[in-house]
Protein chains: 2
Amino acid sequence: MIFSIDRDVLLSQLLTVQKGLPSKTPLPILYAIKFEVNEDHLILTSSNTDVAIQVLIDVSSISIQKTGKVAIPGRYLIEIMRKITSKRVEFALIEDHLIVIKADRSEFKLRLMDVEDYPEVDFLDLDDPIVLDSQVFKNIIKETNFATAQSEKRPILTGVNFKYKDNYLYCVATDSYRLSQKNVKLRTHSKEFDIVIPNKSLDELSKILDGSTDDVELYINPNKVLFKMKNTLFQTRLLEGNYPDTMRIIPTEFPVAIPFNKEELLQAVERVSLLSPRDRETNYNIIKLNLREDHIVEMSSTNSEVGDALEEIIPSSDVIGPVIKIAFSSRYLVDALKSFSSNEILIQFAGEVKPFVIKGNLDQELLHLILPVRID
Amino acid sequence: MIFSIDRDVLLSQLLTVQKGLPSKTPLPILYAIKFEVNEDHLILTSSNTDVAIQVLIDVSSISIQKTGKVAIPGRYLIEIMRKITSKRVEFALIEDHLIVIKADRSEFKLRLMDVEDYPEVDFLDLDDPIVLDSQVFKNIIKETNFATAQSEKRPILTGVNFKYKDNYLYCVATDSYRLSQKNVKLRTHSKEFDIVIPNKSLDELSKILDGSTDDVELYINPNKVLFKMKNTLFQTRLLEGNYPDTMRIIPTEFPVAIPFNKEELLQAVERVSLLSPRDRETNYNIIKLNLREDHIVEMSSTNSEVGDALEEIIPSSDVIGPVIKIAFSSRYLVDALKSFSSNEILIQFAGEVKPFVIKGNLDQELLHLILPVRID
């Protein structure tokens, strides 16, 4: 195996496959990145128990003298490529388990792992895919993934539920205290599916989609889903089990609706949270919202040890409905607000002990729901 | 106590006194910042077992209705000031232990600590000070403090030794594996002193000196030193004990001298260190330097598990002396190189098992010394 390659291209592709390296594994071969040098391209593969990633580097940035395949320790290779400043890097297999990497006046000899030990990774693209714009999918992740459960108490809630039916993709995440829901109309047809993708896989995928303008194709397989992008494959396992039916917890009637300027509300909530006591269950700060008779909204927190905070916010336009008092974890509202593109948002209340719903005027088909907490 | 104050000025002064708040203390009153509102100025004080800090805010940014003094919980107050966006903030003591802070439509009520419990802090400025430019002193810290010991095995080495004699300030730091020494000629006379300032205090002081263009006056007291700047006092305890005589370990004759471009050397050292094994005692990476007959310098590392790295560096001008091979912790060389302003540096070798010395052409009276390690 002998080839030379553009350093910037290699580094950027290594940083993509890096997201498939395990942080800890009983199978040390997975610490390696698999290099397959073919006649006119190079394929890099990484995999762990959750995801598998493959990228293709074509002949425009690589010149190949001799084909072959090797397994190179991933983290060392990436550190070396980061620190190298020359434009071009040469790779040559000199012994069975030794590769030489040359760049200007630098020379590294890396001990290889046995490439025959590298487990076969199947990237399955048998079915008709659904097709989305990269940035649309990245946005779905941003709008829902934060609302998944972080604890493993109910494992199914640690992923985002994607349901496809009649050209619509329905995406839902909930940790049972709050819920985020986004619906997207698609250009393409496909057969129905109902899957749950782990939140960590979506985090990694989101970074890979950064800056991409291409389409992404989703191939749904029984236990996994493959995301196919230009020159990049990203495959993740799915969570097993049935996702709860969340439609029934979203209220349908809202006697109170208050419009806010998002930034103003966000800043007020963050200030009020500074002193607020923490919820025993979630460790999040509890704050109170109080719509007064004069249609000014008070946000407040009371902490017997530290002190009190009070903010007055003037709704950005007409308020609908009677006065209301409700308490909730400020963190949930902050997370929800930050996911909106809109600067005008509307909070709809179904009652003082019922979940409330947040929408943005520019964020079509995006809804966040937060459960209140009972206070004295 | 009633006053209003410019928010930006207060925040910036709070961030200075914050450096005197303890991270943990058996004396909870020290978590407070002491506010003393006088007729025409406000004084803020913080203190812990190592340092005490006091700042003065004058009438140009504060308007005082009623004088008084209080102890306000420091971290909460700073968080609030960070999040407030209004230009002006009002403070009013409404009960014995409650202060109201108002800014636009925000209102905070903070429970106070008993200001009478706040320990008296003496800032002693009895003696003739020595006077330095702030940035000169900040530079001394940058050039020496990193070489102090981090472990408490020999407590005296966890500080920088400042010795004053005949208008010269001699500054030395060593962790017994490497040493940094800077000499500065002063404008002012003073009586002789020989003190050791804790490295953590110097770190905090360095941040406070950031961007300052004023002079700083040093008042040396038996157990502490006071740094007096415009409107800011910073006092730190001194380390007790005799600082070792370091002059005798600096070689005086150097048969080999190699000039380098600093950036080139730094990058090569960082790359070679990526694979190098770690020293058992210090956990730092050991690398080898080899001056060849042809006057090219090889830097290399060998790691039986991972692989080898080799860099060739061409000295930036004429080399003096015969071939030499020497091994050392790369981290020490990286630290030393980063402290130089010069881009041309000179490494002088006294022998393969003797300390070597690094100097920069633009860094007058600055010297770094590194002990080699024995290798096979």
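Overview of values
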quantity: Gaussian network model of chain B, Cα within-10 Å springs - most flexible of B:ASN48, B:ASN161, B:ASN199; calculated: B:ASN48
quantity: Relative contact order of chain B, defined on C-alpha pairs under 8 angstrom at six or more residues apart (%); calculated: 13
quantity: Euclidean distance of C-alpha centroids, the range A:282-356 and the range B:347-376, integer Å; calculated: 63
quantity: Whole-angstrom gap from the range A:221-263 to the range B:36-113, using each part's C-alpha centre; calculated: 46
quantity: Average beta-carbon neighbours from other chains, 10 Å sphere, peptide A:97-109; calculated: 4
quantity: Given B:LYS66/B:LYS224; B:LYS24/B:LYS228; B:LYS228/B:LYS359; A:LYS69/B:LYS325, the pairs whose alpha carbons are separated by over 30 Å; calculated: B:LYS66/B:LYS224; B:LYS228/B:LYS359; A:LYS69/B:LYS325
quantity: B:HIS97-A:ASP294 pseudo-label distance in nm [points 7 Å out on the Cα-to-Cβ vector]; calculated: 3.2
quantity: In order through the range B:152-165: 3J(HN,Hα) via Karplus (6.51 cos²θ - 1.76 cosθ + 1.60), integer Hz, x for Gly, Pro; calculated: 8, 4, 10, x, 4, 7, 7, x, 9, 7, 10, 10, 10, 7
quantity: Gain on full stretching of the segment that runs from B:ASN231 to B:GLU107 - 0.36 nm per residue minus C-alpha separation; calculated: 41.7 nm
quantity: Choice from B:GLU270, B:GLU305, B:GLU143 showing the highest fluctuation, given a GNM over chain B with Cα pairs closer than 10 Å; calculated: B:GLU305
quantity: Charged-residue dipole, Cβ positions (Lys, Arg, Asp, Glu), the range A:2-117 about Cα centre, Debye nearest 20; calculated: 500
quantity: Extension reserve of the B:SER342-B:GLN135 stretch, reckoned as 0.36 nm per residue once the Cα distance is removed; calculated: 72.8 nm
quantity: Distance (nanometres) between label positions extended 7 Å along Cα→Cβ at A:ARG187 and A:ARG278; calculated: 4.8
quantity: Among A:ASN303, A:ASN139, A:ASN290, residue whose mean-square fluctuation peaks in a GNM of chain A (springs only between Cα atoms under 10 Å); calculated: A:ASN303
quantity: Mean Cα-pair separation over length for the range B:1-81, i.e. relative contact order, pairs under 8 Å, 6 or more apart, %; calculated: 39
quantity: In the range B:187-231, the trypsin sites (Lys or Arg not before Pro) that fall in loop regions by DSSP, at most 14 other Cβ within 10 Å; calculated: B:ARG187, B:LYS191, B:LYS230
quantity: Cα-projected label distance for A:LYS165 with B:ILE29, points at 7 Å along beta-carbon direction, nm; calculated: 6.8
quantity: 222 nm mean residue ellipticity, helices alone, for chain B (DSSP H n ≥ 4; -39,500 (n - 2.57); rounded to 500); calculated: -5000 deg cm²/dmol
quantity: Shape call, the range B:2-117: gyration tensor on alpha carbons, a/c limit 1.5; calculated: rounded
quantity: Mean Cα-pair separation over length for the range B:130-237, i.e. relative contact order, pairs under 8 Å, 6 or more apart, %; calculated: 28
quantity: 3J(HN,Hα) from dihedral phi, the range A:191-197, Karplus parametrisation 6.51/-1.76/1.60, rounded to Hz, x for glycine, proline; calculated: 7, 4, 8, 8, 10, 10, 9
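Only the coordinates and a few stated rules stand behind these numbers; no lab work does. Note that the coordinates shown come from a computational prediction; the quantities given were computed from them, not determined experimentally. We place every Cβ from the backbone using ideal geometry, glycine too, and count neighbours over all the protein chains shown.
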